[in-house]
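**Q** First, the structure itself, so that you have it in front of you.
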Amino acid sequence: MSEMKKIKNLKEFSTSADRFEGANLLCPGCAHSIIVREILNATNDDLILSASTGCLEVCTAVYPYTSWDASWIHIGFENGSTAVAGAEAMYKALKRKGRLKQPDREPKFVSFAGDGASYDIGFQWISGCFERGHNIMHVVLDNEVYANTGGQRSSSTPIGSSTTTAPAGRVSYGEKQNKKDMLAIMAAHGAPYVAQVAPNKWKDMIKKIQHGFAVEGPVFINAMSACTTEWKFLPEDTIAISDLATDSLVFPLYEIIDGTKLNITYRPKNVIPVKDYLGAQGRFKHLFKPENKHVLDEWQKRVDEKWEYLQRREEAGV
Amino acid sequence: MIDNGWDEFEIGAMLRSFDGAVKDIATTLQEDRPYSKNNSFTASVADWRIEKPVFNKDYCIDCQFCWIYCPDISIISRDKKMVGIDYDHCKGCAICVEVCPTNPKSLLMFEEKMDEDEALAGWPEKENKEK
């Protein structure tokens, strides 16, 4: 077993040598690369990566350039997870046969995908990987919309959000369905580790990623990725918006171990109202019209209920 | 068509990030890496910027918030110290300025064509917070 990288504080962490390069074509202020950097810097082991189609893939592999300093597979919309799972299966087979060229090095297998490629299009593939129990980590860069193709709704899009295929206007308040609870679904696969992370809480994130690398079996990470283009806020506010999301409990940070044991890993000191989070983004601005007040109320109610549920689950330990 | 084996690639199907063998990339700093011409490190997005961040080391406390939250690996930190900004890869998003906790900020946005010495000369004074 390779040794875990020791990260005590941010100063120590800042001595990491990045394996993700600049001059990628992600928007200025995109949270994707903040998340990717934090994950790649959490380990010193070799990495085998893939990215399903989405912003991250198309922006980091624009011919003739690559932004990755690790083995990285460019693959279809749905099968990023299976590509990495295949590599992992091959690694295991070669190891068993004693044909690995560097048997002392244990690579880590990570697949990155957007919420569209995980919640909708790649769901069957991810489900398959988790059912077969590959030793991989699947990271969802959850920006709640198909940002790469121009902001269509995905099944991760929350209620009331205005998207290009569910636009808000005279008759509609935007997206009608609520976000799919992907963590519960992946935990139900019996995965050894499932967690929700946010880039602004880097220490919590590093801890979860390192735990995910240490366990044997499939690991699912849902990373909130604030999208300056589709959520409609200024690029410099990415971290501020992420703070609002975690402090208003819209994105509660928690983990589920072995499919059952739920731990809340971040409890905000001052819980802020959900409308502060919604009001900071252009995609929800129509909700503040008087006729849409019921959506705002429903938002707050849903977030409160979810938080209550998580706390009960944590107490019960089941 | 040439018949390739299972572990061979067509020309162009694979890009190499580095020229030649690299022993351990996770412990090799960027200045010591043999980047190939296909690595986006050798490209630049400097022309995306309208405003650029300028670093004033007089006020910096090396908290590294700018380093962790920079999306473009443009904050150069060495030996736990903030050293400077990589203007080839900075897109001018200003996250580093927003997360800077010092008073006055040790990173501020200035117009792209402004001279750095001029920017440093006109740095704002410490702000007294109203109670």
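The values are calculated or read from the model by the stated rules, or taken from the named source; none is laboratory data. What you see is a predicted model, and the numbers here were worked out from it, not measured in a lab. So basically every Cβ, Gly included, is an ideal-geometry build from the backbone, and we count neighbours across all protein chains shown. These area figures cover heavy atoms from the full protein model, side chains too; ligands, DNA and RNA do not enter into them. Shrake-Rupley method; radii C 1.70, N 1.55, O 1.52, S 1.80 Å.
**Q** Test residue B:13 against the criterion of being of a type outside the set (Phe, Trp, Tyr) and within 10 Å of chain A (Cβ to nearest Cβ), and give yes or no.
**A** Answer is yes for this residue.
**Q** If you check residue B:21 against the conditions, is it more than 10 Å from chain A (Cβ to nearest Cβ), under 28 Å from residue A:87 (Cβ atoms) and either touching a residue at least 60 places away in the same chain (Cβ under 8 Å) or open to solvent by 40 Å² or more (accessible area, probe 1.4 Å) (or both)?
**A** For residue B:21, the condition - more than 10 Å from chain A (Cβ to nearest Cβ), under 28 Å from residue A:87 (Cβ atoms) and either touching a residue at least 60 places away in the same chain (Cβ under 8 Å) or open to solvent by 40 Å² or more (accessible area, probe 1.4 Å) (or both) - is met.
**Q** Further question: Within the stretch A:28-59, track down each residue that is closer than 29 Å to residue A:233 by Cα and in contact with a Pro (Cβ under 7 Å, 6 or more places away or on another chain).
**A** A:28, A:29, A:30, A:31, A:33, A:34, A:35, A:38
**Q** Further, regarding this structure: In the stretch A:89-128, which residues are aromatic (Phe, Trp, Tyr) and either over 24 Å from residue A:4 (Cα atoms) or open to solvent by 60 Å² or more (accessible area, probe 1.4 Å) (or both)? If you could, list the steps in order and put the result at the bottom.
**A** Restricting attention to the stretch A:89-128, the residues satisfying the condition of being aromatic (Phe, Trp, Tyr) are A:91, A:109, A:112, A:119, A:123, A:125.
Hits for the stretch A:89-128 are A:119, A:123, A:125.
**Q** Criterion first (free of Cβ contacts under 8 Å to residues at least 60 places away in the same chain and of a type in the set (Lys, Arg)) does residue A:11 satisfy it?
**A** Spelling it out, residue A:11 is indeed free of Cβ contacts under 8 Å to residues at least 60 places away in the same chain and of a type in the set (Lys, Arg).
**Q** Scan the stretch A:6-53 for residues that are under 17 Å from residue B:80 (Cα atoms) and β-branched (Val, Ile, Thr) and report the count.
**A** Adding up the residues that qualify gives 2.
**Q** So, of the residues in the stretch B:51-69 that are open to solvent by less than 20 Å² (accessible area, probe 1.4 Å) and more than 8 Å from chain A (Cβ to nearest Cβ), which turns out to be farthest from residue A:34 (Cα to Cα)?
**A** Only one residue tops the list, namely B:56.
**Q** Follow-up question, since we're still on this one. How many residues does the stretch A:146-162 contain that are open to solvent by less than 10 Å² (accessible area, probe 1.4 Å) and either closer than 12 Å to residue A:283 by Cα or of a type in the set (A, V, I, L, M) (or both)? Let's see the steps before the verdict.
**A** From the stretch A:146-162, those open to solvent by less than 10 Å² (accessible area, probe 1.4 Å) are A:151, A:154, A:156-161; that's our starting set.
Now narrow it down to the ones that are either closer than 12 Å to residue A:283 by Cα or of a type in the set (A, V, I, L, M) (or both): A:151, A:157-161.
Selection size over the stretch A:146-162: 6.
**Q** Out of all the residues in the stretch A:255-282, which are hydroxyl-bearing (Ser, Thr, Tyr) and surrounded by fewer than 22 Cβ atoms within 10 Å (Cβ to Cβ)? Let's see the steps before the verdict.
**A** Our first condition is that a residue be hydroxyl-bearing (Ser, Thr, Tyr); within the stretch A:255-282, this holds for A:260, A:265-266, A:277.
Selection gives A:260, A:265, A:266.
**Q** Within the stretch A:31-56, take every residue that is charged (D, E, K, R) and not in a helix (DSSP H, G or I) and give me the one that is farthest from residue A:78 (Cα to Cα). First the steps, then the outcome.
**A** At the first step, the residues of the stretch A:31-56 found to be charged (D, E, K, R) are A:37-38, A:45-46.
If we keep only those that are not in a helix (DSSP H, G or I) as well, we get A:45-46.
On the way: A:45: 26, A:46: 24 Å.
Per the criteria, the residue is A:45.
**Q** Here's another thing I want to ask about it. Would you confirm whether any residue within the stretch A:46-63 is within 8 Å of chain B (Cβ to nearest Cβ), open to solvent by less than 10 Å² (accessible area, probe 1.4 Å) and either modelled with pLDDT under 95 or over 21 Å from residue A:133 (Cα atoms) (or both)?
**A** yes
**Q** Continuing with the same structure: Taking the stretch B:70-96, which residues are touching a residue at least 12 places away in the same chain (Cβ under 8 Å), open to solvent by 20 Å² or more (accessible area, probe 1.4 Å) and part of a loop (DSSP other than H, G, I, E, B)?
**A** Within the stretch B:70-96, B:80, B:86, B:87, B:88, B:92 qualify.
**Q** Which of the residues belonging to the stretch B:25-53 are under 29 Å from residue A:8 (Cα atoms) and outside any loop (DSSP other than H, G, I, E, B)?
**A** Answer for the stretch B:25-53, where residues must be under 29 Å from residue A:8 (Cα atoms) and outside any loop (DSSP other than H, G, I, E, B): B:25, B:26, B:27, B:30, B:31, B:32, B:41, B:53.
**Q** Any residue in the stretch A:78-99 that is at the interface with another protein chain (Cβ under 9 Å from one of its Cβ atoms) and of a type in the set (Lys, Arg)?
**A** Checking the stretch A:78-99: not a single residue is at the interface with another protein chain (Cβ under 9 Å from one of its Cβ atoms) and of a type in the set (Lys, Arg).
**Q** Let me ask you something else. For the stretch A:23-45, how many residues meet the condition of being facing chain B (nearest Cβ under 7 Å) and over 20 Å from residue A:200 (Cα atoms)?
**A** 3
**Q** Scan the stretch B:97-116 and tell me whether some residue there is within 8 Å of chain A (Cβ to nearest Cβ) and open to solvent by less than 50 Å² (accessible area, probe 1.4 Å). Spell out the reasoning first.
**A** Of the stretch B:97-116, the ones within 8 Å of chain A (Cβ to nearest Cβ) are B:97-99.
Next, from what is left, pick out any that are open to solvent by less than 50 Å² (accessible area, probe 1.4 Å): B:97, B:99.
Within the stretch B:97-116, one or more residues are within 8 Å of chain A (Cβ to nearest Cβ) and open to solvent by less than 50 Å² (accessible area, probe 1.4 Å).
**Q** Kindly indicate which of B:8, B:31 is under 27 Å from residue B:115 (Cβ atoms), at pLDDT below 95 and open to solvent by 20 Å² or more (accessible area, probe 1.4 Å).
**A** Being under 27 Å from residue B:115 (Cβ atoms), at pLDDT below 95 and open to solvent by 20 Å² or more (accessible area, probe 1.4 Å) holds for just one of B:8, B:31, which is B:31.
**Q** Scan A:230, A:255 and give me the residue that is outside any helix (DSSP H, G or I) and under 23 Å from residue A:84 (Cβ atoms).
**A** Exactly one residue qualifies, and that residue is A:255.
**Q** What pairs come out if I take residues in the stretch B:31-54 that are under 22 Å from residue B:77 (Cβ atoms) and touching a residue at least 40 places away in the same chain (Cβ under 8 Å) and pair them with residues that are open to solvent by 30 Å² or more (accessible area, probe 1.4 Å) and part of a helix (DSSP H, G or I) whose C-beta lies under 7 Å away, six or more apart or interchain?
**A** B:54/B:116; B:54/B:120
**Q** Name the residue that is farthest from the other protein chains (Cβ to nearest Cβ), counting only residues in the stretch A:2-22 that are over 23 Å from residue B:63 (Cβ atoms) and of a type in the set (Asp, Glu).
**A** Across the stretch A:2-22, the extreme among qualifying residues is A:3.
**Q** For residues that are outside any helix (DSSP H, G or I) and not hydrophobic (A, V, I, L, M, F, W, C), scanning just the stretch A:288-318, find the one that is surrounded by the most Cβ atoms within 10 Å (Cβ to Cβ).
**A** Just the residues of the stretch A:288-318 that are outside any helix (DSSP H, G or I), to begin with: A:289, A:317-318.
Now restrict to residues that are not hydrophobic (A, V, I, L, M, F, W, C): A:289, A:317.
Numbers: A:289: 11, A:317: 9.
So the residue we want is A:289.
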